[in-house]
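Structure record follows, encoded as structure tokens.
The values are calculated or read from the model by the stated rules, or taken from the named source; none is laboratory data. Owing to the predicted nature of the structure, the values given are computational and were not obtained by experimental measurement. So basically every Cβ, Gly included, is an ideal-geometry build from the backbone, and we count neighbours across all protein chains shown. For accessibility, only protein heavy atoms count, side chains too; no ligands or nucleic acids. Shrake-Rupley method; radii C 1.70, N 1.55, O 1.52, S 1.80 Å.
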Amino acid sequence: MKASPKATKKEIVTAFRTREILAAARELLEQRGPESMTMEEIAAAAGVAKGTLYLYFLSKDDLILALITQVGENIIQDLGAVLQAPGNPPEKLIRMVTVLLEYLNRERLLFPIYARELLRGEQEPQDGFRRRYQELEEQFVTLMTGLFAEGIAAGHFIPANPRLLSFLIRGLVRATGYYQKAEGQADAAREALPVILTLLSSGLVREKQSLTEETAL
């Protein structure tokens with residue numbers, strides 16, 4: 001077996017500096033919102049010169065896309081952990097929907113930019129961070145499709161195209177985000193969770209069981 005190549009000192013420094021910049025940007029995002037924070041403020045908060053900041057991120061939009069990508073990677077990791085944990089497909093579906101809505105609640109400041117960039121990514125060439133989070137979108141669909149395929153094969157879910165079901169789940173979560181933004185409802189995710197689980201239990205799950213779970217969004 002080949003040994004994994006060791007990271008160079010430059011790569012280690014770059015990774016560390018990138019994390020520091022993103023952490024500073026996230027703190028400012030919570031304080032000022034994505035539209036108000038500036039690259040000068042982010043550089044100062046990260047303890048780097050503005051010119052150095054531009055070596056890592058070409059623009060504020062690029063930096064925000066990096067934050068969205070970071071969130072997407074965390075989501076995929078958490079969903080993967082749910083799939084690896086004990087439980088049948090309906091139980092795992094509850095946990096996965098709960099995870100998605102928890103993230104939607106925590107990342108409500110980023111959601112409008114995510115939605116805008118997702119649409120732009122479908123219309124324009126994909127590169128950089130936009131390409132990466134498009135890849136994460138596909139990873140999400142792949143994870144959900146596998147869960148639905150398993151559940152259908154075991155007789156837990158109604159017979160249906162598992163990839164279609166994955167897109168429907170993604171659509172329900174996004175719709176909650178759009179409602180949250182349009183109506184200014186900070187508790188939209190908390191409100192939506194029991195509704196979505198009821199819809200799934202009445203239309204998707206074959207067993208006579210209720211998809212409900214205590215959660216703290």
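What to note about this one:
- Taking the stretch 153-180 as the range and being surrounded by fewer than 19 Cβ atoms within 10 Å (Cβ to Cβ), in a loop (DSSP other than H, G, I, E, B) and of a type outside the set (A, V, I, L, M) as the test, the residues that pass are Gly155, Pro159, Asn161.
- For the stretch 56-78, residues that are open to solvent by less than 20 Å² (accessible area, probe 1.4 Å) and assigned to a helix (DSSP H, G or I) total 9.
- For the stretch 31-55, the tally of residues that are in contact (Cβ under 8 Å) with a residue 40 or more places away in the chain and either on the phi > 0 side of the Ramachandran plot or in a helix (DSSP H, G or I) (or both) stands at 1.
- Taking the criterion of being among the small types (Gly, Ala, Ser) and assigned to a helix (DSSP H, G or I), the residues of the stretch 79-103 that qualify are Gly80, Ala81.
- Residue ID - modelled with the lowest pLDDT, chosen from residues in the stretch 186-208 that are part of a loop (DSSP other than H, G, I, E, B) and within 20 Å of Val99 (Cβ to Cβ): Ala186
- Residue list for the stretch 22-44, filter: under 22 Å from Arg108 (Cα atoms), surrounded by fewer than 18 Cβ atoms within 10 Å (Cβ to Cβ) and not basic (Lys, Arg): Ala23, Glu27, Glu30, Gln31, Gly33, Pro34, Glu35, Ser36, Thr38, Met39, Glu41
- Only one of Glu102, Glu150, Glu183, Glu91 that is in contact (Cβ under 8 Å) with a residue 40 or more places away in the chain, open to solvent by 70 Å² or more (accessible area, probe 1.4 Å) and not aromatic (Phe, Trp, Tyr): Glu150
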